[in-house]
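One structure is given here, and the rest of the page talks about it.
The values are calculated or read from the model by the stated rules, or taken from the named source; none is laboratory data. Since the structure is predicted, the reported quantities are computational estimates derived from the model, not experimental observations. Note that each Cβ is placed from the backbone with ideal geometry, even for glycine, and that neighbours are counted across all protein chains shown. These area figures cover heavy atoms from the full protein model, side chains too; ligands, DNA and RNA do not enter into them. Shrake-Rupley method; radii C 1.70, N 1.55, O 1.52, S 1.80 Å.
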Amino acid sequence: MRNSTTTSGGRARRNAAPPSAPASLPDRLAAEILEHVRRQRLEPGAHLSELGLAETFRVSRTPIRLALQALQQQGVVERERNRGFFLKQLPEGDAESEPQEDGLYFRIAEDHLSGALEDRMAESELLRRYGATRSQLLRVLARMTQEGLVEKLPGQGWAFLAVLTSPETYAQSYRFRILMEPAALLEPGYRLAPETIARLRAEQHAMLAGGWQTFSRAETHRIGAEFHEALVAGSGNIFMIESLRRVNRMRRLLEYRINHDRTRLVKICSEHLRLLDLIEAGDMPRAAAFLRQHLEGSQGAKEPLVQRGSEPERAPATLLEEMA
């Protein structure tokens with residue numbers, strides 16, 4: 001008998017059934033690796049680290065290697081002796097299909113948040129409901145699997161994992177983060193590697209250079225979430241790290257739904273850079289205090305949007321006029 005839990009929204013969520021047979025795992029991972037490559041905007045020649053991918057998808061290196069070998073047979077990646085796998089090319093049509101697949105992604109997400117889509121669904125039902133091709137649907141589901149939103153059930157079924165669906169649980173997630181994230185900066189032996197700081201700075205500068213306007217909602221969420229995860233990871237406390245990753249996964253769909261006023265991204269990125277300055281200077285008490293202030297500001301800005309629900313996202317031209 002499967003156990004069940006109930007979300008604050010009142011809908012019962014059953015624990016997912018075991019994943020399908022191990023033989024199918026490399027095939028699923030191959031699709032997820034392609035989605036990861038697209039989302040990271042990797043160029044031909046990029047190194048696809050087995051260890052890095054294993055950590056990203058939280059599996060062992062063996063199924064990752066099998067997935068990369070399958071992609072090698074498709075001509076997508078190539079293997080160099082003693083060096084590993086490298087991206088050769090993406091399948092034709094991926095770039096052109098991205099806007100359409102983004103639309104499908106958000107339709108599925110919105111239907112789930114509104115309760116119009118059951119927690120468990122058959123692949124055939126999804127194909128009928130959304131009028132997508134099977135390849136489009138599988139790419140979207142691979143993306144959702146990578147983001148920890150759905151998982152494959154035996155046969156042709158899929159299940160949503162638990163996510164935040166109400167203003168109350170969203171507010172709780174922020175109160176938890178305000179308690180935990182500044183404390184992570186004060187953990188004994190806290191250290192953020194120079195290469196990590198350099199990567200985080202580059203992403204924040206890319207946002208300020210125009211990405212706040214042009215990056216997709218998924219990309220801006222990823223940059224923000226991974227920034228905070230990297231800060232907490234500097235604590236070396238695995239319980240803090242895993243807790244934040246889980247919270248970020250659970251709040252993802254609500255973040256996609258409410259993240260409308262992109263002008264706030266400019267302020268957020270500037271504050272992120274200030275946090276990195278304080279951490280590099282070794283002033284951890286001030287960094288922790290500033291992080292708390294930063295999170296409280298985000299909470300104050302976003303919670304009213306969750307209460308109001310969705311509104312149409314404004315056009316970049318309007319946003320630029322507001323910035324002037």
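Restricting attention to segment 166-193, the residues that are at pLDDT 90 or above, hydrophobic (A, V, I, L, M, F, W, C), open to solvent by less than 50 Å² (accessible area, probe 1.4 Å) and in a helix (DSSP H, G or I) total 5.
Of all the residues in segment 136-163, those that are farther than 20 Å from His221 by Cα and part of a strand (DSSP E or B) number 5. Leu161 meets each of the listed conditions (1) closer than 22 Å to Ala109 by Cα; (2) free of Cβ contacts under 8 Å to residues at least 24 places away in the same chain apart from (2).
Is there a residue being over 19 Å from Glu101 (Cβ atoms), surrounded by 17 or more Cβ atoms within 10 Å (Cβ to Cβ) and modelled with pLDDT of 90 or more anywhere in segment 26-44? No; the residues of segment 26-44 include none that is over 19 Å from Glu101 (Cβ atoms), surrounded by 17 or more Cβ atoms within 10 Å (Cβ to Cβ) and modelled with pLDDT of 90 or more. The requirement of being surrounded by fewer than 17 Cβ atoms within 10 Å (Cβ to Cβ), under 22 Å from the mean Cα position of the chain (by Cα), polar (S, T, N, Q) and at pLDDT below 85 is fulfilled nowhere in segment 148-165; no residue meets it. Counting only helices (runs of 4 or more DSSP H) wholly contained in segment 194-308, the ones carrying 3 or more residues that are over 24 Å from Thr169 (Cβ atoms) and among the charged types (D, E, K, R) occupy 194-206, 263-280. No other residue among His221, His294 is closer than 27 Å to Met144 by Cα, surrounded by 15 or more Cβ atoms within 10 Å (Cβ to Cβ) and touching an Asp or Glu at 6+ places or on another chain (Cβ under 6 Å) apart from His221.
For segment 177-200, state whether one or more residues are closer than 30 Å to Leu104 by Cβ and without any contact (Cβ under 8 Å) to a residue 40 or more places away in the chain. No, that holds for no residue.
Scoring Phe239 on the criteria (1) of a type in the set (Phe, Trp, Tyr); (2) touching a residue at least 12 places away in the same chain (Cβ under 8 Å); (3) open to solvent by 20 Å² or more (accessible area, probe 1.4 Å) leaves a single failure, condition (2). In contact with a Leu (Cβ under 9 Å, 6 or more places away or on another chain) and surrounded by fewer than 19 Cβ atoms within 10 Å (Cβ to Cβ) - does that describe any residue in segment 202-209? Yes, segment 202-209 contains a residue that is in contact with a Leu (Cβ under 9 Å, 6 or more places away or on another chain) and surrounded by fewer than 19 Cβ atoms within 10 Å (Cβ to Cβ). Put simply, of Arg264, Arg246, Arg252 the only residue that is open to solvent by 20 Å² or more (accessible area, probe 1.4 Å) and more than 14 Å from the chain's Cα centre (by Cα) is Arg264. For segment 106-135, filtering for residues that are among the hydroxyl-bearing types (Ser, Thr, Tyr), modelled with pLDDT of 85 or more and part of a helix (DSSP H, G or I) leaves 2.
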